[in-house]
1. Being modelled with pLDDT under 80 and under 24 Å from residue 51 (Cα atoms) narrows it down to one residue among 140, 163, 167; which is it?
2. Please specify each residue of segment 181-228 satisfying the condition of being more than 17 Å from residue 93 (Cβ to Cβ), in a helix (DSSP H, G or I), in contact (Cβ under 8 Å) with a residue 60 or more places away in the chain and under 17 Å from the mean Cα position of the chain (by Cα).
3. State yes or no: is residue 207 within 23 Å of residue 111 (Cα to Cα) and buried (at least 23 other Cβ atoms within 10 Å of the Cβ)?
4. Anything in segment 66-97 that is closer than 13 Å to residue 50 by Cα and either assigned to a helix (DSSP H, G or I) or under 16 Å from the mean Cα position of the chain (by Cα) (or both)? List them, or say none.
5. Name the residue, out of 9, 86, 57, that is in contact with a strand residue (DSSP E or B) (Cβ under 9 Å, 6 or more places away or on another chain), buried (at least 19 other Cβ atoms within 10 Å of the Cβ) and modelled with pLDDT of 95 or more.
6. Mind listing whichever residues of segment 97-113 are surrounded by 17 or more Cβ atoms within 10 Å (Cβ to Cβ) and either out of contact with any helix residue (DSSP H, G or I) (no Cβ under 7 Å at 6 or more places or on another chain) or modelled with pLDDT under 95 (or both)?
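The values are calculated or read from the model by the stated rules, or taken from the named source; none is laboratory data. These numbers were taken from a predicted model, which means no experiment stands behind them. Methodologically, a virtual Cβ is constructed for each residue, glycine included, from the backbone with ideal geometry; neighbour enumeration extends over all protein chains shown.
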């Protein structure tokens, strides 16, 4: 399996597809395997680079202490792989990392996509200690804590088999207890509201309209404070909107790239049908 030596850590990474580079930044305590159910959709349009955070899942190294440190890892990985600039798409905690990457390494970010995330501080999602402990022990079943927080009630009711299949990707490549504690602390300390005006990359804020973990108001706040940012709300979808409504989510992203970064419509390719 490929690993890259990055800032004293060995990061697990994968590269798939062709086209504009798209760095996919995963969320709290989970591996980049969470992108696998929809990866074929994205590799039709992009060269996707996905990786596990330091000390997390399949990567080695000391556990992270700040979102800034994780952002530095992402920028260093791009440099190590010989990729000068990329679109950076972070989901949930990965959105916090992506935001820090855009603030700290402007030259690396072509377009910034912030999915289901927040500016941190009082706007950060809050899980109680018992919730964190339950998730750390594997409470990610379709009817468990993460299942309820990740997907809308309608999706869980109408497509229970699909939900069961998707939550498997949140359980594999489990992180250590030390990493879970470290990422929880880093998320709690993350605060960017006063710095959002300094983001220079074209930015798309995406959010599930039925997100129970990070309310859509957090996405609206990001879009209102980041200069000239756009907001796309995936109506009816939960926190994991990109898994719940994959084609609609990707269409929003591609349409935004065409409008804001002048990516010609002719470059669009037909979606690959997902096995449901």
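1. Working: 163 fails: modelled with pLDDT under 80; 167 fails: modelled with pLDDT under 80.
Answer to the selection: 140.
2. Once the filter is applied, which keeps residues that are more than 17 Å from residue 93 (Cβ to Cβ), in a helix (DSSP H, G or I), in contact (Cβ under 8 Å) with a residue 60 or more places away in the chain and under 17 Å from the mean Cα position of the chain (by Cα), segment 181-228 yields nothing.
3. On the way: within 23 Å of residue 111 (Cα to Cα): yes; buried (at least 23 other Cβ atoms within 10 Å of the Cβ): yes.
Criteria met by residue 207.
4. Those that are closer than 13 Å to residue 50 by Cα and either assigned to a helix (DSSP H, G or I) or under 16 Å from the mean Cα position of the chain (by Cα) (or both): 73, 74, 75, 77, 78, 86, 87, 88, 89, 90, 91, 94.
5. Working: 9 fails: modelled with pLDDT of 95 or more; 57 fails: modelled with pLDDT of 95 or more.
Within the list 9, 86, 57, the selection yields 86.
6. Of everything in segment 97-113, those that are surrounded by 17 or more Cβ atoms within 10 Å (Cβ to Cβ) and either out of contact with any helix residue (DSSP H, G or I) (no Cβ under 7 Å at 6 or more places or on another chain) or modelled with pLDDT under 95 (or both) turn out to be 98, 99, 102, 110.
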